[in-house]
Amino acid sequence: MEHSVELAELAVDAAALQMPRHVPEQGRRSKGLGRVGHRAVLKGAFSMQVPAPFEYRRAGTVGEAIGLLDRLGDTARLVAGGHSLLPMMKLRLANFEYLIDINDLHGELGFVAVEPGWIRIGAMTRHRELLESDPLAAAFPIFRDAERVIADPVVRNRGTLGGSLCQADPSEDLSAVCTTLDARCVIRGADGERVVPMADFHQGPYETAVGDAEILTEIRLPVHPNGSSAYEKVELRAGDWAVVSAGAAVRLDDEGLIADARVGLAAVGPNTAGIPGIADALRGRPPSQELYEQAGDLAAAGCDPVTDRRGSAEYKRYLARELTVRVLRTAVARIGAPPAAGDGDINRQGV
Ligand SMILES: Cc1cc2nc3c(=O)[nH]c(=O)nc-3n(C[C@H](O)[C@H](O)[C@H](O)COP(=O)(O)OP(=O)(O)OC[C@H]3O[C@@H](n4cnc5c(N)ncnc54)[C@H](O)[C@@H]3O)c2cc1C
């Protein structure tokens, strides 16, 4: 993705503020940023500490939220945990006339449901709940790996799965997790529900497949036997956004050969991305260090990092390679192994 000089500078400023680094191409309106977008930022709005005035609404049900969105159009935005939207509004990176608070939907959309062949997770499920869910960690240890390195307890207590995915930040850890796990995103609007594969959910930085009068209600993750997963991230400070992160999900067949291997990367392109060539290269072969390194080479070649304060594009490519090797190795080693007890207690991890 090419940025203009001005936008590249903006990305640098944003990194210093722990704000999103990738910005939409110049002249392109971003649904995620709303009406102000990058223009206000380029006028020096980074010094702003309070959002522009907005009207506040509170939805009690999913139907009510959709009704409000339908009536208020693109002047309105849902607010879940608020940990991405509100900082952007304070910095005048985004501006909306109405905020529709959906925290009352936690009863309806805050869940981890284990079903035959699938795990469903509600969009209002908070980071802390994902971190602490033992059934989720048993099926997909990648979630606990990722949640341990996302932000801090304050953010994890409020921030949600839905907000993470809908923010569509290229560095978002849960987006990389959902890409790795081939999630299906359930989007509801006035006309009913539709299911969008994760590969089509993000349509650019801060752009998703969710329409103006729609809400992401849940994601569905296919559960395969004889599989496991892992996640690793390199960050400048504990709880910081990724310099680069990688997830892997591997499945073995009855003979111990690789049946499927998915890798998802964050912070190395305009959106979190899978590297489909890795599955093709690994399928049908016995797991080995040599094979993981081959996959690492594919990841490094298949990503598109930019140089910023977090590191050079060359360094990020190196990380993409190395992290891919590590997560594939860990995912394979975990297949058949019981999950470690008490892993959800992050304080015991000394983070
Ligand atoms: C200091 C700090 C550090 C952080 N570090 C990390 C990190 O290391 N890794 C990481 O991945 N994240 C990090 N985050 C982001 C954090 O994970 C946020 O919780 C997350 O990005 C957004 O979740 P939210 O519920 O707060 O969303 P909000 O801010 O409420 O919303 C974000 C966007 O999603 C939309 N939205 C929310 N829910 C829905 C829905 N159900 N349907 C449709 N649209 C919806 C909103 O309208 C908005 O546009 C950090 C945040 C902070 C403040």
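All of the numbers you see were taken from the coordinates with simple rules; none came from a lab. All values reported here derive from a predicted model rather than from experimental measurement. With ideal geometry, Cβ positions are generated from the backbone for all residues, glycine too; neighbour counts draw on all protein chains shown.
Observations on the structure shown:
- Residues Thr125, Thr330, Thr61, Thr160 in ascending order of nearby Cβ atoms (within 10 Å, fewest first): Thr61, Thr330, Thr125, Thr160.
- Stokes-Einstein translational diffusion, the stretch 106-223 - Kirkwood Rh over all Cα pairs, 0.890 mPa s, 25 °C, in µm²/s: 174
- Taken along the Cα-to-beta-carbon direction at a fixed 7 Å, the label points for Glu64 and Gln49 span 3.4 nm.
- Charge tally in the Cβ shell below 9 Å around Val195, where Lys, Arg are +1 and Asp, Glu are -1, Val195 excluded: +2
- Ranked list, fewest to most other Cβ atoms within 10 Å of each Cβ, for Tyr206, Tyr318, Tyr231: Tyr318, Tyr206, Tyr231
- 3J(HN,Hα) couplings calculated from phi for the stretch 275-290 with the Karplus curve 6.51 cos²θ - 1.76 cosθ + 1.60 (θ = phi - 60°) are, in sequence order, 10, x, x, 5, 4, 4, 6, 9, 4, x, 10, x, x, 7, 4, 4 Hz; Gly and Pro show x.
- Summary of the geometry: the stretch 182-217 and the stretch 286-335, compared by the centres of their Cα atoms, lie 28 Å apart.
- With the convex hull drawn over the C-alpha atoms of the stretch 220-288, the volume per residue is 116 Å³.
- Stretch gain in nm, segment Val154-Ser288, where the contour uses 0.36 nm per residue and the Cα spacing is subtracted: 44.2 nm
- log₁₀ of I(q)/I(0) at q = 0.13, 0.15, 0.16, 0.17 Å⁻¹ - the stretch 227-334, Debye sum with one point per alpha carbon: -0.42, -0.55, -0.62, -0.69
- In plain terms, the residue of Asp254, Asp173 with the fewest other Cβ atoms within 10 Å comes first and the most crowded comes last, giving Asp254, Asp173.
- Model label zone, Lys90; criterion: amide N under 15 Å from point 7 Å along Cα-to-beta-carbon; scope the stretch 135-153: 152
- You can think of it this way: the chain between Asp297 and Asp104 has 64.9 nm of extra reach, that is 0.36 nm per residue less the Cα-Cα gap.
- Net charge of Cβ neighbours under 13 Å - reference Val177; Lys, Arg +1; Asp, Glu -1: -2
- Placing pseudo-labels 7 Å out from each Cα toward the beta carbon at Ala138 and Thr307 gives an inter-label distance of 5.0 nm.
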